[in-house]
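Heads up, the thing below is written out as structure tokens.
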Amino acid sequence: MLKNPRHEKFCLEYAACGNATEAYLKAGYGGEKRTSNNAAAINLLRKPHIAARIKEITAELQREKIADVIECQEILTTIARDETAENADRIKAIQTLMKAQGAFVTQINFKSTPIVISGGEQLED
């Protein structure tokens, strides 16, 4: 969080809309002249602490959009326990949950060819 409340508001608004001038005006800056507002908004974007804060807010918003492992498992559990859902959907949810929890053993077929070294009597110890 930035110390200057209008800077913080500008960053939040910019992260939400992506328009510097609009964010500038919503943060409580600005006057009558649009060109002055545009230039001032661009100047704010160029300040390192403003740019860093916008990057931080944007990353936080992106994290909120992506389901984590726990959330995915909760959704799958809800489907698996839903008695009104199709059996095929419930079974698929259960299988996916079980795979995620390591309940299934994956079999790996490994074939190798032995290496034969000939001429043993000629080898030195």
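Read-outs throughout are calculated quantities, based only on the coordinates presented, and are distinct from any laboratory measurement. This is a predicted model, so every value here is computed, not measured. Don't worry about glycine lacking a Cβ; one is built from the backbone with ideal geometry, like all the others, and counts go over all protein chains shown.
For this structure, a couple of remarks:
- Within segment 84-113: backbone nitrogen closer than 13 Å to the residue 67 label point (7 Å, Cα to C-beta): 93-94, 96-97
- DSSP-loop trypsin sites (Lys or Arg not before Pro) across segment 35-125, with at most 14 other Cβ within 10 angstrom: 111
- Percent RCO, i.e. relative contact order, over the chain, from Cα pairs under 8 Å lying at least 6 residues apart: 15 percent
- Distances between every pair of Cα atoms in the chain, grouped in 10 Å steps from 0 to the bin holding the largest one, split as 11, 22, 12, 11, 15, 13, 8, 5, 3, 0 percent.
- Cα→Cβ-extended label distance, 7 Å offset, between residue 43 and residue 95, nm: 6.3 nm
- Bridging of residue 99 to lysines at a Cα separation below 30 Å is possible for 65, 111, once same-chain residues fewer than 8 apart are set aside.
- The mean sequence distance of close C-alpha pairs (under 8 Å, at least 6 residues apart), as a share of the length of segment 5-65, puts its relative contact order at 33 percent.
- Given the chain, longest segment not containing exposed loop chymotrypsin sites (Phe, Trp or Tyr not before Pro) (DSSP; at most 15 other Cβ within 10 Å): 1-103
- Expected 222 nm ellipticity per residue - DSSP helices of 4 or more, -39500 (n - 2.57), all of the chain, to 500: -20000 deg cm²/dmol
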